[in-house]
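Below is one structure, written out as structure tokens; the observations come after it.
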Amino acid sequence: MFAYDAELGLRWVKNAPREFTEDGFMALLECAEIEGVSARTFSEAVKAVTRTKEPFYGVCTVMISGVSRRFEVSLNPHINDRILGVAYDSGRHTADDRAIRSLSLELAHRTKNLMAVISSLATQTARRFDNFAEFKARFTGQIGALSHAHDAIASTGWDGAILERIATAQIRYDRPHADVTITGDALNVMLTPNAAQNLAMVLNELAGVAEGTARIRFEAVLLEDGRLSMVWTTGHPVPVGELWLDLLTKVAPMTLDGTGEIIENEYKFSYALTCRADHFVQGVTPDKA
């Protein structure tokens, strides 16, 4: 058992494996990856519980005296923003056991996340449209965006999705005037599955309110500080009131650890989104998509 304070400082540890000091075991555990959650580490899971106030359960593997041992980890928010946790040693296991369990956890995790996303899409879209026809058109579009994103992700074995493929699928679809420009190192960027999914929804949302004849331009570049900068622009103003503003200025930027800014005037409309380097990798050739 262990506890963290509101600043993520380790407060106490009880009953660590006898091969380790209490602090030594926690240092090892904090670096361990959670099985089936897209390479999230134990430390990242602790930060997520602090941020969301939601309990977390996962399984990670730790090497003890040359033997791979599985620990079932539960993290629970407590009073005064503390986190109480338990790491249960479920014993040694074979590579086959680990692979099967990892795949099962990955499937369960992704299914749960996808259902949560679809539920949120339905709720947020229903709030913005008064009649069923408008709701159906926009909701169907968002589901289509998710489907395209998942096709791109699946083609890489769920490693992620090439940025250019996500942008092209959402912007050039049925829009002959669209222009997707990805320059320099950004051309070989692969987004993580979560980042690809969020970008697909953002671009679909923006395209959904653009006039059919409007020229759309999407530019992506890597900034000097390592962030990915993406700017969507159309030559006509758009009905901002019809946009899912929370997605553009809060949800997507927070998920990508970046910023989302709307820039509008009487001549054009632009949306700028940045993404921290944690959410993509460089040096991937587009043909891998």
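The values are calculated or read from the model by the stated rules, or taken from the named source; none is laboratory data. Worth saying up front: this structure is predicted, and the values here are computed from it rather than measured. When we count neighbours, we look across all protein chains shown, and the Cβ atoms used for this are built from the backbone with ideal geometry, even at glycine. With ligands, DNA and RNA removed, areas are computed over all heavy atoms of the protein, side chains included. Shrake-Rupley method; radii C 1.70, N 1.55, O 1.52, S 1.80 Å.
A few comments on the model shown:
- Scanning region 44-60 for residues that are in contact (Cβ under 8 Å) with a residue 24 or more places away in the chain and either among the acidic types (Asp, Glu) or within 18 Å of Phe2 (Cβ to Cβ) (or both) turns up Ala45, Val46, Lys47, Val49, Thr50, Gly58, Val59, Cys60.
- Residues satisfying the stated conditions in region 1-41, i.e. buried (at least 16 other Cβ atoms within 10 Å of the Cβ) and assigned to a loop (DSSP other than H, G, I, E, B): Ala16, Pro17, Phe20, Ala32, Glu35, Gly36, Val37, Ser38, Arg40
- Checklist (1) in contact with a Leu (Cβ under 8 Å, 6 or more places away or on another chain); (2) exposed (fewer than 15 other Cβ atoms within 10 Å of the Cβ) applied to Gly260, failing item: (2)
- Note on region 9-41: residues that are touching a residue at least 24 places away in the same chain (Cβ under 8 Å), closer than 22 Å to Asn80 by Cβ and of a type outside the set (D, E, K, R) amount to 1.
- Residues of region 249-282 classified as outside any helix (DSSP H, G or I), closer than 24 Å to Met190 by Cα and out of contact with any strand residue (DSSP E or B) (no Cβ under 6 Å at 6 or more places or on another chain), total: 3
- Leu223 being of a type in the set (A, V, I, L, M) and surrounded by 18 or more Cβ atoms within 10 Å (Cβ to Cβ): no
- Residue, nearest to Val189 (Cα to Cα), within region 206-225, restricted to residues that are part of a loop (DSSP other than H, G, I, E, B) and in contact with a strand residue (DSSP E or B) (Cβ under 6 Å, 6 or more places away or on another chain): Leu223
- Test: Pro237 is touching a strand residue (DSSP E or B) at 6+ places or on another chain (Cβ under 6 Å) and modelled with pLDDT of 90 or more: no
- Enumeration of residues in region 49-70 that are part of a strand (DSSP E or B), open to solvent by less than 70 Å² (accessible area, probe 1.4 Å) and among the hydrophobic types (A, V, I, L, M, F, W, C): Phe56, Val59, Cys60, Val62, Ile64, Val67
- Single residue of region 69-106 satisfying the filter (within 23 Å of Gly157 (Cβ to Cβ) and of a type in the set (S, T, N, Q)) that is modelled with the lowest pLDDT: Thr94
- Taken over region 226-248, the criterion of being open to solvent by 60 Å² or more (accessible area, probe 1.4 Å), out of contact with any helix residue (DSSP H, G or I) (no Cβ under 8 Å at 6 or more places or on another chain) and part of a helix (DSSP H, G or I) is satisfied by Gly241, Leu245.
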